[in-house]
Amino acid sequence: MKIGFVIAMAQVEPSPDAPANLEKARAIADKAAAREADLLVFPEMFMGLPAPERPPARIAAEHGGAFAEGLAAVARQSGIAVAAGCWEEGPRTGRAYNVARIFSREGKEVAAYRKIHLFDALSVRESDTMTPGNLLPPVVELAGVRVGVAICYDLRFPELFRYLALQGAQVIVVPSAWYQGPVKEVHWTTLLQARAIENTLYVAGCNLVGPAFCGRSTLFDPFGVPVAGAGEEPALVFGRVSAARVA
């Protein structure tokens with residue numbers, strides 16, 4: 001008998017090809033379902049890694065609706081909830097919203113959080129191609145567990161996580177495209193752990209791997225103990241969440 005709420009984190013290499021990424025999601029969801037996962041998390045930008053010749057707004061315009069419908073079908077067919085980083089057309093030409101979508105196991109979209117904090121640092125300027133959201137992230141109930149969501153750079157803003165804790169979140173998932181770099185990997189795991197400890201809840205950071213990204217997807221429990229984690233290669237990581245431990 002399965003005990004607890006099982007999170008699967010798909011640590012994948014980024015690709016600019018949205019249809020190919022959707023096929024990857026289907027294959028990974030089958031593996032997650034076989035392990036009785038309740039929630040499968042994909043990283044930020046999973047819909048398609050942008051490039052100068054292929055900015056987020058173009059990916060959103062060409063594939064946004066079909067990709068969301070495809071993720072809904074993946075959730076419905078696998079029977080597990082799915083969270084993933086997507087692009088959505090924004091109100092300004094040439095800019096898109098960076099969105100974390102969550103679909104229930106029935107395939108219904110239950111959350112669509114637009115990233116508030118855009119990463120304008122270390123020679124990266126997300127605000128050149130993205131529009132920030134202006135609504136706080138939601139907390140939704142999945143298989144009896146209250147799940148909050150944040151995206152990547154949000155991790156450096158503890159007030160957002162405190163808000164989610166006060167809304168009753170028992171676990172916060174953080175789809176990310178966290179870069180490699182001097183001490184960046186340390187910042188990534190330290191901040192995930194800190195947000196778990198200071199809010200007494202689980203935090204699941206699901207990151208990209210590849211030439212630019214550091215991987216190390218990790219699930220921390222309310223005491224900051226690592227429950228499950230990955231290194232710097234593609235991986236499907238499983239961790240168990242206990243509502244009783246949060247309580």
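The values are calculated or read from the model by the stated rules, or taken from the named source; none is laboratory data. Fair warning: this is a prediction, and the values are worked out from it, not measured in the lab. With ideal geometry, Cβ positions are generated from the backbone for all residues, glycine too; neighbour counts draw on all protein chains shown. Heads up: the accessible areas ignore ligands, DNA and RNA and are worked out on the full protein's heavy atoms, side chains in. Shrake-Rupley method; radii C 1.70, N 1.55, O 1.52, S 1.80 Å.
Considering the range 164-186 alone, what residues qualify as being without any contact (Cβ under 8 Å) to a residue 60 or more places away in the chain and closer than 17 Å to residue 112 by Cα?
Applying the first criterion (without any contact (Cβ under 8 Å) to a residue 60 or more places away in the chain) to the range 164-186 yields 164-169, 172, 174, 178-186.
164, 167, 169, 172, 174 - these are the residues of the range 164-186 that are without any contact (Cβ under 8 Å) to a residue 60 or more places away in the chain and closer than 17 Å to residue 112 by Cα.
Tallying residues that are open to solvent by less than 70 Å² (accessible area, probe 1.4 Å) and farther than 18 Å from residue 65 by Cβ within the range 17-39 yields 9. Taking the stated definitions as given, is residue 13 out of contact with any Cys (no Cβ under 6 Å at 6 or more places or on another chain), under 23 Å from residue 230 (Cβ atoms) and open to solvent by 30 Å² or more (accessible area, probe 1.4 Å)? Answer is yes for this residue.
The one condition from (1) of a type in the set (Gly, Ala, Ser); (2) buried (at least 19 other Cβ atoms within 10 Å of the Cβ); (3) at positive phi that residue 143 does not meet is (2). The residue of the range 178-191 that is farthest from residue 15 (Cα to Cα), among those that are assigned to a loop (DSSP other than H, G, I, E, B) and among the hydrophobic types (A, V, I, L, M, F, W, C), is 183. Picking from residues in the range 197-211 that are over 12 Å from residue 241 (Cα atoms) and touching a Phe, Trp or Tyr at 6+ places or on another chain (Cβ under 6 Å), the one that is surrounded by the fewest Cβ atoms within 10 Å (Cβ to Cβ) is 199. Among the residues of the range 192-202, which ones are under 17 Å from the mean Cα position of the chain (by Cα) and in a helix (DSSP H, G or I)? Result: 192, 193, 195, 196.
Within the range 1-16, which residues are at pLDDT 95 or above and of a type in the set (D, E, K, R)? Scanning the range 1-16 gives a single hit, 13. Residues in the range 77-97 that are touching a residue at least 40 places away in the same chain (Cβ under 8 Å), in a loop (DSSP other than H, G, I, E, B) and open to solvent by 30 Å² or more (accessible area, probe 1.4 Å): 79, 91.
For the residues 60, 33, 25, the requirement of being farther than 20 Å from residue 151 by Cα and at pLDDT 95 or above singles out 33.
Give the residues of the range 118-151 that are basic (Lys, Arg) and in contact with an Asp or Glu (Cβ under 9 Å, 6 or more places away or on another chain), sorted by residue number.
none
Scanning the range 98-126 for residues that are among the hydroxyl-bearing types (Ser, Thr, Tyr) and either open to solvent by 30 Å² or more (accessible area, probe 1.4 Å) or touching a Pro at 6+ places or on another chain (Cβ under 7 Å) (or both), we see that the one that is farthest from residue 166 (Cα to Cα) is 123.
Anything in the range 115-163 that is under 20 Å from residue 4 (Cα atoms) and in contact (Cβ under 8 Å) with a residue 60 or more places away in the chain? List them, or say none. Within the range 115-163, 142, 143, 144, 145, 147, 149 qualify.
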